[in-house]
Structure formats: structure tokens, C-alpha cells
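The values are calculated or read from the model by the stated rules, or taken from the named source; none is laboratory data. Fair warning: this is a prediction, and the values are worked out from it, not measured in the lab. Positions of Cβ are backbone-derived with ideal geometry, glycine not excepted, and every protein chain shown enters the neighbour counts. Areas reflect the complete protein model, heavy atoms only, side chains present, ligands, DNA and RNA absent. Shrake-Rupley method; radii C 1.70, N 1.55, O 1.52, S 1.80 Å.
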Amino acid sequence: MKFGVIVFPGSNCDRDMLHALQDDLQQEVIMLWHKDSDLSMFTTDDCIILPGGFSYGDYLRCGALARFSPMMEQVIAFANRGGKVFGVCNGFQILCESGLLPGVLLQNDHQKFVCKNVYIKNEGGDNRIAQKIAQKTLKIPVAHGEGRYFADDATIASLEANHQVIFRYCDEQGNVTKESNPNGAINNIAGICNSTKNVFGMMPHPERACSDALHNIDGRAILQALSN
Amino acid sequence: MQATLDQAIKLGLREEEFEAIKKVLGRTPNFTETAMYSVMWSEHCSYKNSIKWLKTLPRDGERLLVKAGEENAGLVDIGDGMGCVFKIESHNHPSAIEPFQGAATGVGGIHRDIFTMGARPIASLNSLRFGKLENPKTKHLLKGVVKGIGHYGNCFGVPTVGGEIYFEDCYQTNPLVNAMSVGIVKAGDTVSATSYGEGNPVFIVGAATGKDGIGGASFASADISENSAEQLPSVQVGDPFEEKKLLEACLEAIQTRSIIGMQDMGAAGITCSTSEMSAKGEHGMIIHLDKVPTRQANMKAWEMLLSESQERMLVVIKKGEEQGIIDIFTKWDIHCVQIGEVTKEPILKFYMHDELVAEVPAESMVLGGGAPVYEREYTRPAYFDKIEAFDSASIPVPSDLLGVAKQLANLPSIASKRWVYEQYDSMVGIGTTNTNAPSDASVIRLHNTEKALAATTDCNSRYVFADPYKGGMIAVSEAARNLVCSGATPVAITNCLNFGNPYNPEVYYQFVYALKGMSDACLKHGTPVTGGNVSFYNQSEDGPVYPTPTIGMLGVLDSINDKMTLDFKTTDSLIYMLGTHKDDIHCSDYLHHICGVTHSPAPSIDLEEEFAVQQKVLSLIKNKLILSAHDVADGGLFITLLESAMPNGIGFAIQTSDAIRKDAYLFGEAQSRVVVSVAKEHQAAFEAHCAAIAFDLLGTTTASGAIEIDAASWGAVADWKNNYDSVIENQLAS
């Protein structure tokens, strides 16, 4: 099993993801350039990661241009074959823009960029992240200006009914409250998966919580869930 | 067409400078050439009014790999075949006029200085000064500057890990925005800002050239006024995405070993980069300006020569090896265009459609070459009389000390800067260790090594105003203290010298004496000056700002395990203060902001004692005898204790002394003091270890999160924290 990490010209969490996977989780990682279009070395056991950053500057909408890159066309096909795809922050935005995940990420309700530790919890379900995390509350940093998850009522209802919400913002004790929501996301949604449970996206950065040197390793379980 | 004296003066040159240019050229310069000299000989590029004194700063040290001023930024050896490139620079005047773009391009500019030398930026800091926060103009400036810094840094992908903000009346019209970048480079991967080798091609890479920022260097070299908004075209516009691509492409290009030299285009754009690189390499260049990619049609030669469009570099490549470099920039979708070649004759010749538009000797333009050097007069400022007349006895010790403490914790200069730093991506790069383990300086781990770097910016300008010599000394000493309290060994400094108009002899006195104080402290702490920037003309109709020599100091931790944090760890541990309590309320936030005394002497400092305390802190950390360390600074001892208490909600109970004034004990800002906490089982070992220096057992940490001073309850830590965290956001909302 190996990971592929896509590098867009404005990616800036690509090397962080590499460090977390290689140094902290001893995983095999291949870096993939956005202009290339060869994913033939990956099987559906593998996982393609879209890291955080500002893919193409994001002067239009976050992730709006990235979906048209040659590599994203391949990733869409890979996901449709059942391969695992995981997007963090800007990667989550790209997955929504490209239609692999439903909904959109809007500007934070307070209209400011926000970077801080937040707490998130998983509420169970039949996807690999739920099975690994087992409803634990995790401390994971966020860093975004446009992280307010939004979708129409019918989409939200179906996400909730199918247990596709993988993380909700909560307080340290695990209570899902308005105060613990850093961006105004609907239903405190911090991360979701698709209906076939092979494409995952989340705003918080698990790769920023994988090293003992940073005094927080809560993110390891999330990346580990994708490695098996 | 020959330029006239009138034109030269309008461009900011002095009459004798125009005469000097004529002498250099042996003829009267044309308008384009005059414009070029006007920016190169502006204060911003030439340091003509400061270089004499800058050369008196200590600039030698075994770790320095380049001398101050030799390259775009300082380079120090951090061991294991790695170097650290770091520098601080001002963007004050642009930020005063257009805070968002002014601050954003300040961040972009300082990062370019770092990666033009081949280093990857891994951390940035900023030091900001504004007027009173309740003023609506200040709120506008603060919001704009913070958004600008965040916009650029967050997208560029370098964490903003630290800095400082002060709010004082003197900065009302002329705020200060100083940005610092820290980068790392492998030995042998550095690139110099030089040019040589006849026939080698000269390339411009990065963004297209537009009319933005024309004359920015001259703009930075004049007093600021309410009319300065009319100079808006002097403010540059930044594109962090372009710079992110430029960074990656430049670092990749350096690996080809095909690059002779590279310099970023900041102040004075093409003029400055061509002349500085050529002067350094003792060669010349022929440049065809019509080949420069432009943003708008029909730009004139002088506009292209003076444009300060951001995200551009000048690169000299080994002839025959161009294609490899072009391929890399093409991969990153960046312009990479040959605009000329290196000549043996050390003259710069600029052509526009084969017409020679300017011809100047490179060396005549630059600092250390033909640029003028002035000696300025200085006289003791008259306001010193008022400072010397202050007598602490005129201030009665307040009966309600708790009330004073609450007022202090409510000052935006002292309270939490959470509203600010949460808008910065402080964690990208996964090197920032402070997020979950706060310390006095920012500690950044270096991937795949045991090492970490520590960085801080410091300057209490009120002290420098009160006593430039002592204030300069304190700025350096406090920076070193912050590093030491984080477990780092101080290594070197960069400085950003923000002062008023140098033609005012009282302002120049502040400059000269602040540098003398900095020099003495740098020698004592073993932290030579690697470079930086001088920003004069920080004054408005209201007069000059406080003299503000911002110190950016770099430290090294050979092992990340040596890191020390500032927070109390356990209840029932012992709280000590290293150093001496002084009966000194001079220049404190308490005296200035609560008692309303604007003129009082600087707080006391003794360099020998300072150094002894710092050495002791480092050895206590090495010997694992302390649980936390936090220096006593703005707001005094009580604020220091509160800051150590808040992260984990652990309270403290202390006894004051009857030997000195209670207000001096709790709120005085005498220097050379550090609060440490010690596990009870280490008490004997700790006290034995500290035998050679003064120390005092203040009290203990408490289980309940309660604060007690002389057995009186001062409330709960959680309540203090709630208030402290929200002071700035509450004031902004009101």
C-alpha cells in the first residue's frame, strides 16, 4: 500500500503531508505533479492525497481551477474505480469543486482566516475512518479562510442519513456546540465522505498533529485509517 | 535631453548630489539617468545618512558566513552543514497609506531576500507599532496590516510564528510594519547577488513589470503626511501565488549549478539589481528594456527602470546553460526572458528599441561605491531635561494594587494578541513547536535533524526614547533573554532601525546612541549584526516616532529536547525569580499608561548581571532543574506570573517584600529578571546551582487556579485569562 500526494503549484502542505506519512507513519509516498497524468503505478488499495495550500492561487474560488488539471482528471477516474482519495483543507475544496464530494466550502462566517487547534469527533458509521477513530475526540489544527461547509437541505439530510459526516467540530469534552465551530459550517461539519465511502475530505489538518516534537499526535489515527 | 536641476530636486536629489552625478558622468545626465540616481542615492538604497554608524556595529563572529551588507541577508552557520539566512525589513510608509498591500508586500519582499540566496524560508515574524487602539484610524490600520500579512504569508506557505505589537500615540500617523524572515540552506547551495563573465546572459524571471511602486524607494525617504495618500502609485501590489511559484522555481534552478548570481527586485527594481550585481562582480551589462515582459503597453524606459513590481528576480546564467533554467521556469509557468548580457566594461547600458537611453558606471550608483556618505550632526535632545527631572517620589504607591493589575492586563500592548495571530497560519511547515508548548521565543524544529532554531523580535521603544543608549542595550538584551528562556543559545541579530528625520540633530542623537547601546549589548551576548534595514523619516506633523531599533535575534538549539517553555506545569511547585528586585518604576507600562507619566528614565539594566542571569538560565535548563522560564518584561512581575499561569490554568501565591515599593515590586520593569518554576524535590539542587547569582523564592503554584498576593485573593486564573484573551477583539468591536 502506498500514498500519492499531488503537488499543485500553490500547494503548501504537500511536504508536510510527506513528512507526516514518511517520518511519523513510515509509509511509502510518491509525489505527483499536477501537469502529469499517469496514475498507472497506483492500485485501488492505494490512497491519493490532495494536500492543503492555494492550488492555483485561489483568486477565483478555492479549488475551482485545480479540478481542470490533467492530474485531477486521473484522480476522478481513480476514485470512480474505487480508489481511496483524501483531501485536506484546499484538497477538500478541490474534491467538492470537482464533484467527488457534495457541497461547497464558503468563506468563514467571521470573514477572517483562522488558524488554531480545534476539537473534532467522529460519530461512528461504516467507513474506514469511523472504524479506526471509534468516536474519540481529537485535537487537530485548522488553517483556512474558506472552510464553512454548506449544502442544500436534501444533500445534508442524505449525508446525515448515510453516516457520511466523518467529523464534527466539538469542544474538548466532545460536545458539539456553536462556540466550538470555527467557521460556521452547517451542522458543525468538519469532514465528509462520498456515498461509496472511498473519497474523504476534511478542513482540519491531521498532518499537523502527527509528530511528538509538536506535542500532538492525534492526527496519526486519521492517516492510519487510510493506510489499510 | 539633459535633465534640469529642478527635475533632479523633484526626484528627491539634493543640488550637490546632482553636481556629483555630473562629475561622475563627465556630462549632464538625461532624465532617465537622473531618475535612476535619485532612487539609488535615496536613503532607502544608499544608507547615506546611516552607513558611517552602521559600520561601528559588531559584525564579526565565528558563525557568520557572510559579512553584514555583503549579500541580501545575513548567513550564519548552524552546524551539521546547514546555514540560516535571516533578515528584518520595514514597510512602514506603504502600510501607512494602504495597510493591506503595504504589509503584504513587506512580507513578500523579505521572503525574496531570503530565497534569492538559495534558502527556503521556514518562519516569519513581524514587529508592529500603531497609535492608540481606540482611534478609528488605528483600527483600520491594524485590520488592514494583519489581513495583509496573513494574505501573503498564508498563501506563500511560510508560518508566521511570532512578533510583537505596541500601541503608542507617537505612531498614530506613521505606524511601523517590520517583517522578518528566517530560512535554511544546505552548505554549498547558496547563491550570491553578483554578476561576471563577459557574454553571460542576463535574465528577468517572475512577474511582468508594471507601473506599480515607481519611486517607492524615494517615497520611503521622505516624511509622511496626510497628503501621502496622493502617492498611492508608490505602493506596490503583491501576488503571493506568483511568489510561491518563484520560490520553488528558483530553488530548483539553483540545483542546476548554472547560475552565476541572482538578486530579487525590491526597491528601485531593475536599476538596483543590475547595478548592485554588476558592482559586486566588477562587470557591466547591456540591457534591452524592450524585452522585459510588461503589464501595460508603452511603458517608458525610466518607468521600467524604476518599477517596483513585486515577485521578480534578475538572474545571470552561465552562457550555454540557459535552456535548463528556462525549462524549470516554464514548468512553473513563470516568465523567464533574456534581457541582456554581461560586459567586461563595468558600465550599465540600457537600450530601448536599440536606442541608448541610459549609460552609467555600475559602481557609481551603489552603497560602498559612488553613492554619497554623509556625516550628520547630533545634539542631546531637549526633552531629556524633562526625563531627568522625574522623581518617583512624586508618585504615591496606590492602595488598590489589584485595580492597577487589572488595568495593566487590559492594555492592548500587554493583553493577548490572539485576535491577530489566529489570522496567521502559524503551523504550516509542521515545524512550529510553540502551538502546544508556548515559550518566550518561537522555536522551530528542523526536519530530519535533532536541531531547532529560535527566533524573536524585540524593542521597547519607550525605553529607547527615554535613553537611547540604555534602550538599545535593553532591546538586544531582552531578545537574548527570550531566546535563552526558550533553551536556545543566541547566535546573531538582524535589525530594523526605525527613526525620524535624520536631518533633525535630536533624532540623529537617538540614532547614534541607540546604536552604541546595541553594540555594547551585542558584544556582551556574542550576537553580531548580520544586516537589516534603516528606515528614517518615520515622522509626521506630530513629530518623530519613538526611536525604534527592532531587534530580530536568532538562536540555535542543538537538541529540540533542550527547549524550555513558559507555562507553570504542576501545582505546588516553587516559584523563583532570578535577578534582583529593584525599587524602579521608571518607564514602566504602569507609570506610562496608568499614572500618565510620559517622561521618565529608562529602567535599570546592568549588562554583566544580565549576562550572568542568562547563562544561569541556560545551565538550569541543561541540568533539568526548572519546569518553566519566563522573562520579566512589559507590565512587570505580576504580568509575567499571570502569563505563566494562564496556559494550564495553574494559579500562584506569592509574598512581596517590604523593602521596596509594592508598585515597583509588582509592576516595575527593571531588567535582567526571569521567573522560573521548580519542582519541590529539586529545591536544594536548584538553590545550590544558583549560588553565584541573586535569586528570590516568591511563592508556590496553587492547586485551585487561585491567585494570591500577600495572602489576599486576586481572583481566579480562568477569569483573568478570559479577559486577557479578548481585550483586543472587544476594543475593535466597540
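The table below lists the values:
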| read-out | value |
| --- | --- |
| Residue within segment B:424-432 that is of a type in the set (Phe, Trp, Tyr) and within 14 Å of another protein chain (Cβ to nearest Cβ) present | yes |
| Only one of B:Leu128, B:Leu141 that is open to solvent by less than 10 Å² (accessible area, probe 1.4 Å), in a helix (DSSP H, G or I) and more than 14 Å from chain A (Cβ to nearest Cβ) | B:Leu141 |
| Spans of strands (runs of 3 or more DSSP E) in segment A:1-65 with at least 1 residues within 12 Å of chain B (Cβ to nearest Cβ) | A:3-7, A:29-33 |
| Boolean, B:Lys291 is within 17 Å of B:Tyr351 (Cβ to Cβ) and surrounded by fewer than 23 Cβ atoms within 10 Å (Cβ to Cβ) | yes |
| Conditions (1) at pLDDT below 95; (2) among the charged types (D, E, K, R); (3) part of a helix (DSSP H, G or I): number failed by B:Glu643 | (1) |
| Residue identified as away from chain A (no Cβ under 14 Å) and more than 30 Å from B:Lys318 (Cβ to Cβ) among B:Tyr152, B:Tyr171, B:Tyr196 | B:Tyr171 |
| Lone qualifier among B:Ile650, B:Ile594 - being open to solvent by 30 Å² or more (accessible area, probe 1.4 Å) and either of a type in the set (Asp, Glu) or touching a residue at least 24 places away in the same chain (Cβ under 8 Å) (or both) | B:Ile594 |
| Members of segment A:73-90 found to be away from every other protein chain (no Cβ under 14 Å) and either touching a helix residue (DSSP H, G or I) at 6+ places or on another chain (Cβ under 6 Å) or under 20 Å from A:Arg128 (Cβ atoms) (or both), listed by number | A:Val75, A:Phe78, A:Ala79, A:Asn80, A:Arg81, A:Gly82, A:Gly83, A:Lys84, A:Val85, A:Phe86, A:Gly87 |
| Qualifying residue in segment B:156-164 (condition: part of a helix (DSSP H, G or I), closer than 14 Å to A:Phe113 by Cβ and within 14 Å of chain A (Cβ to nearest Cβ)) | yes |
| Top-ranked residue in segment A:177-225 [being at positive phi and more than 13 Å from chain B (Cβ to nearest Cβ); ranked as surrounded by the most Cβ atoms within 10 Å (Cβ to Cβ)] | A:Asn188 |
| Members of segment A:108-161 found to be assigned to a loop (DSSP other than H, G, I, E, B), modelled with pLDDT of 95 or more and more than 13 Å from chain B (Cβ to nearest Cβ), listed by number | A:Asp109, A:Ala151, A:Asp152 |
| Unmet requirement for B:Ala405, which otherwise passes all of (1) crowded, with 16+ Cβ neighbours inside 10 Å; (2) within 14 Å of chain A (Cβ to nearest Cβ); (3) within 23 Å of B:Ala633 (Cα to Cα); (4) of a type outside the set (Ser, Thr, Tyr) | (2) |
| Strands (runs of 3 or more DSSP E) lying entirely in segment B:659-734 (those with 1 or more residues that are open to solvent by 10 Å² or more (accessible area, probe 1.4 Å)) | B:695-702, B:706-709, B:712-716 |
| Residue in segment B:226-233 that is modelled with pLDDT of 90 or more, open to solvent by 10 Å² or more (accessible area, probe 1.4 Å) and either over 21 Å from B:Asn298 (Cα atoms) or away from chain A (no Cβ under 14 Å) (or both) present | no |
| Criterion (within 14 Å of another protein chain (Cβ to nearest Cβ) and either touching a residue at least 24 places away in the same chain (Cβ under 8 Å) or buried (at least 18 other Cβ atoms within 10 Å of the Cβ) (or both)) met by exactly one of B:Phe329, B:Phe350, B:Phe390 | B:Phe329 |
| Among (1) under 25 Å from B:Gly487 (Cβ atoms); (2) within 27 Å of the chain's Cα centre (by Cα) - the single one B:Gly668 does not satisfy | (1) |
| Members of segment B:359-375 found to be surrounded by fewer than 19 Cβ atoms within 10 Å (Cβ to Cβ) and charged (D, E, K, R), listed by number | B:Glu359, B:Glu375 |
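To keep it simple, each residue is scored yes or no on (1) modelled with pLDDT of 95 or more; (2) surrounded by fewer than 20 Cβ atoms within 10 Å (Cβ to Cβ).
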residue: A:Ser55; (1), (2): no, no
residue: A:Asp58; (1), (2): no, no
residue: A:Arg61; (1), (2): no, yes
residue: A:Leu65; (1), (2): no, yes
residue: A:Glu97; (1), (2): no, no
residue: A:Leu100; (1), (2): yes, no
